[in-house]
1. Leaving ligands and nucleic acids out of the surface, order 73, 119, 45, 24 by accessible area at 1.4 Å, largest first.
2. Under a point spin-label approximation (7 Å from Cα along Cα-to-Cβ), what is the residue 26-residue 73 distance to one decimal in nm?
3. Would you please give the FRET efficiency between residue 83 and residue 44, computed as 1/(1 + (r/R0)^6) with r the Cβ-Cβ distance and R0 = 30 Å, to the nearest 0.05?
4. Taking 0.36 nm per intervening residue step and subtracting the Cα-Cα distance, what contour gain separates residue 121 from residue 135 on full extension?
5. Could you work out how much longer the chain between residue 56 and residue 114 gets when fully extended? Use 0.36 nm per residue separation minus the Cα distance between them, nm to one decimal.
6. So how do 81-91, 25-35 stack up, highest first, on mean other-Cβ count within 10 Å?
7. Aspartates and glutamates near residue 67 by alpha-carbon distance under 12 Å, same-chain residues fewer than 8 away left out - which ones?
8. If the cut-off is a Cα-Cα distance under 15 Å, which aspartates and glutamates reach residue 115, setting aside same-chain residues fewer than 8 apart in sequence?
Amino acid sequence: YSGVTSFSLSVASNESINLVSQATDEVFIIDAYANEEVIWYLKETSEDVRKRILTQGKKENLSNASKKLVSNTNHRIEVRRNAECHDRLIFVDEQCYAIGDSLPAAGSKPMYAVKFDATERFCQPWEQMWEQSQEFAVFED
């Protein structure tokens with residue numbers, strides 16, 4: 001498949017941060033184990049980029065970090081929970097990266113990312129999961 005490339009994220013988490021920081025429209029992170037470290041990725045984006053996180057369960061540290069990021073800025077982060085969330089994906093504009101481990105683990109051990117074209121057909125199941133998920137919080141100043 002010509003739209004697939006793979007690379008390693010084992011060299012710290014700088015490569016994955018660079019992917020996210022290049023977003024011009026949207027970053028949508030799906031990670032069952034998202035925590036405050038995921039916010040580290042989002043703070044590198046432009047304030048006008050839409051930011052969404054889909055995760056499992058209540059994440060107090062994620063909440064605290066989100067509040068800190070949006071304080072005195074124009075960043076806005078939407079977080080939803082879904083017990084069926086188990087894939088680890090990062091959508092950046094028209095691209096999708098399937099990652100082999102949770103984002104908080106990036107840089108602490110070898111990990112891979114596979115890049116896909118984020119076609120409407122490919123995105124549809126995760127957009128549907130987002131729509132069916134419980135709103136956890138919207139963080140904005």
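1. Working: 73 35, 119 65, 45 10, 24 110 Å².
Putting 73, 119, 45, 24 in descending order of accessible area: 24, 119, 73, 45.
2. Going from the residue 26 label point to the residue 73 one covers 2.0 nm.
3. Details: r = 29 Å, r/R0 = 0.98.
My answer for the efficiency is 0.55.
4. Details: separation 14, 0.36 × 14 = 5.04 nm, distance 2.39 nm.
Gain on extension, residue 121 to residue 135, equals 2.7 nm.
5. Numbers: separation 58, 0.36 × 58 = 20.88 nm, distance 2.26 nm.
The span from residue 56 to residue 114 would gain 18.6 nm if fully extended.
6. Values: 81-91: 17.3, 25-35: 20.2.
Packing proxy ranking, top to bottom: 25-35, 81-91.
7. 36, 78, 140, 141
8. Leaving aside aspartates and glutamates fewer than 8 places away in the same chain, those within reach of residue 115 are 15, 87, 93, 94, 101.
The values are calculated or read from the model by the stated rules, or taken from the named source; none is laboratory data. Just so it is clear, the model here is predicted, and its values are computed rather than measured. Every residue, glycine as well, gets a Cβ built from its backbone with ideal geometry; the counts of neighbours run over all protein chains shown. Each accessible area value is taken on the protein alone, full model and side chains, heavy atoms only, with ligands, DNA and RNA left out. Shrake-Rupley method; radii C 1.70, N 1.55, O 1.52, S 1.80 Å.
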